[in-house]
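Below is one structure, written out as structure tokens; the observations come after it.
The values are calculated or read from the model by the stated rules, or taken from the named source; none is laboratory data. Note that the structure is predicted; figures quoted are calculated from it, not measured. Cβ: placed from backbone, ideal geometry, glycine included. Neighbour counts: every protein chain shown.
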Amino acid sequence: MRQAERLVFDLRRSLPVILRDAAGAIYLVAPLEGIDGAALADAAAMSGALPTQVLSRHRLASLGIFCDGLGASLSFAGLPSAADVLRHALVRGASLPPGLAPLNEAGRAALLLVRRAQLVPSALVFEVAPARCEALARRCAEGDLLASPVAAAIALCESGPGKVSRVSEARVPLAGLGDARLIVFREEDGSREHVAVLLGERGEWPGDVPVRVHSACLTGDLFGSQRCDCGAQLRNSLRTIHELGGGVVLYLAQEGRGIGLANKLRAYCLQDEGLDTIDADQVIGFGKDERDYRAAHEMLAALDIARIELLTNNPEKVRALCEAGIDVARRRVLFGQLTEQNRNYLCTKASRHGHLLDELLAEVIHR
């Protein structure tokens, strides 16, 4: 499992990795991030094979192709260009050549790994020719390439986020809110850190502790982007929890509903072409919400918080937190701010994500 974790970091560095299946076949997996003609030619030379391209079922659905399971694999008659494979993975309305087939276990592992790495959810998979196996084995032994069993990679990715451990904390005075205590939790594979913001004195908190579970939004929370209402929701949640006598904001490293900052910005470009958030995410290969709240459960358990009053407008988040093991006693409304720039975004949250925003959107819904 540790070796499989290291694969994620190499993929994020745009490096190829090696997978071995139970039958002894060896596969070279190359991510699309940073792909160019030289990288493609090098991977083909190392493997002695042509690639297949794995694509998620969400990406395929955006192209009008529907399949069961995680996705499908596209084969090629010759070595494709970097522009070809990027178009297959990212371009709205792209046409795929014939050659789609169900994923084998190596293809499934490759797709899961790039998704866990928050990369473009597509990869090139080369089944290594027997004549190249010894040379690749030497490169793995010398540390040039990382290798892992296919089964370990799949087990890692299907295990959900790594368990979290409490690593540091400090008193941080917040403007208008007095002293807060910030506690950093790190996932065991080292990939992500989450923050718990504790407001008020623990002994004075309500019995059902007010909690906001907030997914990080760099553009909204830090830079004040008006494409969303995230920054306003974060600030309003801190103020509301302070007024209620204290509680916790869990600030989770789940940018873009779990797809990562780079993919969120790719989706923004598609939104500028007229797509809503859900359809834009689907074009680049993701579902409507890729978040996992098991880390939030572990953080609350570490803080010895058993029952919460959840600040959210999203009934699906209530359900997801309950499924993660959190006792949600009740829900409290939490609005952000309606602007001309985020109106379509908020309407999509209401109509397609099921957020309860009628009061905020009354001027739009009843127009």
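For segment 224-244, filtered to residues that are modelled with pLDDT under 95 and not in a helix (DSSP H, G or I), the residue that is nearest to residue 178 (Cα to Cα) is 224.
If you check 239, 319, which single one turns out to be closer than 25 Å to residue 112 by Cα, assigned by TED's automatic domain parsing to the domain that holds residue 330 and not aromatic (Phe, Trp, Tyr)? Talk me through it step by step, then tell me what you get.
Working: 239 fails: closer than 25 Å to residue 112 by Cα.
Checking each option against the conditions leaves just 319.
Among the residues of segment 157-172, is there at least one that is part of a helix (DSSP H, G or I) and in contact with a helix residue (DSSP H, G or I) (Cβ under 8 Å, 6 or more places away or on another chain)? Yes, there is a match, as at least one residue in segment 157-172 is part of a helix (DSSP H, G or I) and in contact with a helix residue (DSSP H, G or I) (Cβ under 8 Å, 6 or more places away or on another chain). Search segment 77-102 for residues that are on the phi < 0 side of the Ramachandran plot and pair each with any residue that is assigned to a helix (DSSP H, G or I) and exposed (fewer than 13 other Cβ atoms within 10 Å of the Cβ) when their beta-carbon atoms are under 7 Å apart and the residues are at least 6 apart or on different chains. That search, which allows pairs on different chains as well, returns 81/37; 82/37. A count restricted to segment 299-316 and to residues that are outside any helix (DSSP H, G or I) and in contact (Cβ under 8 Å) with a residue 12 or more places away in the chain stands at 11. Restricting attention to segment 276-288, the residues that are at pLDDT 95 or above and in a loop (DSSP other than H, G, I, E, B) add up to 3.
Across segment 70-115, the qualifying residues are those that are touching a Lys or Arg at 6+ places or on another chain (Cβ under 8 Å) and among the aliphatic types (A, V, I, L, M), and the one among them that is nearest to residue 32 (Cα to Cα) is 89.
Inspect segment 328-343 for any residue being in a helix (DSSP H, G or I), of a type outside the set (S, T, N, Q) and touching a residue at least 24 places away in the same chain (Cβ under 8 Å) and give the result as yes or no. Don't jump to the end; show me each part of the working.
Initially, segment 328-343 is screened for residues in a helix (DSSP H, G or I), giving 343.
Going one step further and asking which of them are of a type outside the set (S, T, N, Q), we end up with 343.
Filter once more, keeping what is touching a residue at least 24 places away in the same chain (Cβ under 8 Å): none.
Checked segment 328-343: no residue is in a helix (DSSP H, G or I), of a type outside the set (S, T, N, Q) and touching a residue at least 24 places away in the same chain (Cβ under 8 Å).
Comparison of 319, 291 shows that the only residue that is in a loop (DSSP other than H, G, I, E, B), modelled with pLDDT of 85 or more, out of contact with any His (no Cβ under 7 Å at 6 or more places or on another chain) and closer than 25 Å to residue 159 by Cα is 291.
Close Cβ contacts (under 8 Å, 6 or more residues apart or on different chains) running from residues in segment 248-260 that are more than 20 Å from residue 197 (Cβ to Cβ) to residues that are among the acidic types (Asp, Glu) and not in a helix (DSSP H, G or I) comprise 257/289; 257/290; 258/289; 258/290; 258/292; 259/290.
Close contacts from segment 120-139, counting a first residue that is in the same structural domain as residue 83 (by TED's automatic domain parsing) and a second that is part of a helix (DSSP H, G or I) and among the charged types (D, E, K, R), with Cβ to Cβ under 9 Å and a gap of 6+ residues or different chains, come to 120/266; 121/59; 121/115; 122/59.
Residues 147, 109: which one is touching a Cys at 6+ places or on another chain (Cβ under 7 Å) and farther than 30 Å from residue 251 by Cβ? First the steps, then the outcome.
Details: 109 fails: touching a Cys at 6+ places or on another chain (Cβ under 7 Å).
After ruling out the rest, the residue left standing is 147.
Pairing residues of segment 206-226 that are more than 27 Å from residue 307 (Cα to Cα) with residues that are among the basic types (Lys, Arg) and in a loop (DSSP other than H, G, I, E, B), at Cβ distances under 8 Å and at least 6 apart in sequence or on separate chains, gives 219/227; 220/227.
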